[in-house]
Amino acid sequence: MTKIFPSSIHYLSGILLTVLGAFLLLTSLYVLFFEDLIVETILVSSLLLSVGLLCFWILSDTHYKIDKTYVYYVSGPIRGKIEIASIRKIENQKGWYTKSLLKPSLDYNGIYIYYNKFDDIYISPKNRVEFVNYLLTINPNIMIIE
């Protein structure tokens, strides 16, 4: 059975992505409609529009999915999967500093998932306890660190 877990969204992350996305979208529309349409303004407007849409994509499409074999993570264009059998340990995290380079999350309260020999990922499911318990039903050998 596949189960989907939405990401928790810290209010600052939500505000930042919303304000930045709206600012970039409005700026790109202003450039398109009120500036001379030359190649440079079209390129700048396209870039601003793309980054603005990226902000809204990340904000609206960050979630995690677990089936009987994999944990799938999605955060806008960042997508991947982790084999559940390769997960060694899970560690709770609280605070802004994260030591993981791969961070498809929108909150500073989340979990680190350590898998394979040297890999880790930081995610922030809205219901961390349910997420971890669901993983433990599939792989009871996962070590939990508070």
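What is the angle, in °, between the Cα long axis of helix 128-138 and the longest principal axis of the Cα atoms in the chain? Nearest 10 is fine, range 0 to 90.
Approximately 50 degrees, to the nearest ten.
Can you tell me the convex hull volume per residue for the range 85-145, based on C-alpha atoms, in Å³ to the nearest whole number?
It comes to 78 Å³ per residue, whole-number rounded.
Can you list the residues, at least 5 places off or on another chain, whose amide H is less than 5 Å from the amide H of residue 5, using H built in the peptide plane?
Amide H neighbours of residue 5: 64, 65, 66.
Want the number for residue 19 to residue 39: 0.36 nm per residue separation, take away the alpha-carbon distance, what's left?
Full-extension gain reported as 4.5 nm.
Measure nothing but the geometry: give the 0 to 90° angle between the long axis through the Cα atoms of 39-60 and the longest principal axis through the Cα atoms of the chain, rounded to 10°.
Taking Cα atoms only, the helix is inclined about 30 degrees.
In Å and whole numbers, how far do the C-alpha atoms of the chain stretch along each principal axis, longest first?
63, 28, 27
Read-outs throughout are calculated quantities, based only on the coordinates presented, and are distinct from any laboratory measurement. Computed from a predicted structure; not experimentally measured.
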